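Here's the structure, in structure tokens; my notes come after.
Computed from the coordinates by the stated procedures, all read-outs in this text should not be read as laboratory data. This one's a predicted model, so the numbers in the text were calculated from it and none came from an experiment.
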Amino acid sequence: MSLLHAQPGREYIVRNITTNDEDMDAFLFSLGCYSGEPITVNSHLKGGCVVTIKNGRYTLDKNLASAILV
């Protein structure tokens, strides 16, 4: 499932990132978001969600959140 459907407050493991955009892949990698890494959904917003990745909190829009499979 994608992050858009994940339960807030629960930690997940990133299984796959499905995007054909190399810039998006590089951006997520720079945040520490890649396969095998833990990610926690803090809350859902109208246009995406707030997540914690490696002690950092980030707001991801729905395009980024739907590309991250957990």
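Here the Karplus relation 6.51 cos²θ - 1.76 cosθ + 1.60, evaluated at θ = phi - 60°, turns the backbone of the range 39-45 into coupling constants of 9, 10, 8, 7, 6, 9, 10 Hz, with x for every Gly and Pro. Here the contact order of the chain, divided by its residue count and restricted to Cα pairs under 8 Å and six or more residues apart, works out to 42 percent.
In order along the range 7-24, the Karplus-derived 3J(HN,Hα) couplings, from 6.51 cos²θ - 1.76 cosθ + 1.60 at θ = phi - 60°, round to 7, x, x, 10, 8, 10, 10, 5, 8, 6, 10, 9, 8, 9, 9, 5, 5, 5 Hz, and Gly and Pro are given as x.
Computed extension length for MET24-ASN42: 4.4 nm, one decimal, from 0.36 nm per residue of separation with the Cα-Cα distance subtracted.
A Cα-only calculation for the range 3-69 places Rg and Dmax at 10.6, 29 Å. Amide H to amide H, with H built 1.01 Å from N, ASN42 comes under 5 Å of GLY9, VAL50, VAL51, THR52, counting only residues 5 or more places away or on other chains.
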